[in-house]
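Peer 1: Please see the structure below; I have some questions.
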Amino acid sequence: MPARRAATPTTRRVSDDRGSYTVELVLWTPVLALLLVVIVAAGRIVAAGSDATEAARDAARAASLQTSMPKAKQAAQQAARASFGEQGDTCQKLTVKVTGSVTPGGLVTVAVSCTASLSDLAIPGAPGHRTLSSTSTAPIENTRSGRQS
């Protein structure tokens, strides 16, 4: 009869977690980086929309201070361009449309449209530019010409 071997306690092999955190980090890093870029892009688009609203407001105010429509259009164009410049936005194409009347008691409405570049974000599949538009209306004072209505 063969000799019996002494029973040795069996050791259970505990699963080894070493290195799993590194693998998870390597897998999640590109996802988190893309999420960060998308958040930055969304923030820039929202901020640029706010800049368009501010430019339209500034342009309408500048137009409302003029005494003729040609001067109002010129002042609105200059104010919109200056407002976008102060905000750091570069418009590839800026359009300013002025309507209304600069007579006392009238209203001047200015529509501003700016095509801004998003190409520096380098998001795959993202558009290279975005058109930002806003409209603002400013009243013309009744007493501006020295007469009251």
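Peer 1: Filtering the stretch 58-101 down to residues that are surrounded by 16 or more Cβ atoms within 10 Å (Cβ to Cβ) and in a loop (DSSP other than H, G, I, E, B), which residue is modelled with the lowest pLDDT?
Peer 2: Among those residues, the one meeting the criterion is D89.
Peer 1: Looking at (1) in contact with a Leu (Cβ under 9 Å, 6 or more places away or on another chain); (2) at pLDDT 90 or above, which is the one condition that is false for E54?
Peer 2: All conditions pass for E54, except number (1).
Peer 1: Where the second residue is of a type outside the set (A, V, I, L, M, F, W, C) and not in a helix (DSSP H, G or I) and the first is in contact (Cβ under 8 Å) with a residue 60 or more places away in the chain and lies in the stretch 34-47, which pairs have Cβ atoms under 7 Å and are six or more apart or on separate chains?
Peer 2: Partner pairs satisfying both residue conditions: I45/R130.
Peer 1: Has the stretch 14-29 got any residue that is modelled with pLDDT of 90 or more and within 26 Å of the chain's Cα centre (by Cα)?
Peer 2: Yes, some residue in the stretch 14-29 is modelled with pLDDT of 90 or more and within 26 Å of the chain's Cα centre (by Cα).
Peer 1: Quick check on the stretch 114-126. Is at least one of its residues crowded, with 20+ Cβ neighbours inside 10 Å and either more than 24 Å from A47 (Cα to Cα) or modelled with pLDDT under 95 (or both)?
Peer 2: Yes - at least one qualifying residue is present in the stretch 114-126.
Table: residues versus (1) in contact with a Phe, Trp or Tyr (Cβ under 9 Å, 6 or more places away or on another chain); (2) under 22 Å from E141 (Cβ atoms); (3) of a type in the set (A, V, I, L, M).
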{"site": "W28", "(1), (2), (3)": "no, no, no"}
{"site": "A48", "(1), (2), (3)": "no, no, yes"}
{"site": "A55", "(1), (2), (3)": "yes, no, yes"}
{"site": "P70", "(1), (2), (3)": "no, yes, no"}
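The values are calculated or read from the model by the stated rules, or taken from the named source; none is laboratory data. The shown structure was predicted, so the numbers you read here are calculated from the model rather than taken from an experiment. Counting neighbours? That spans all protein chains shown, and the Cβs are built from the backbone with ideal geometry, glycine included.
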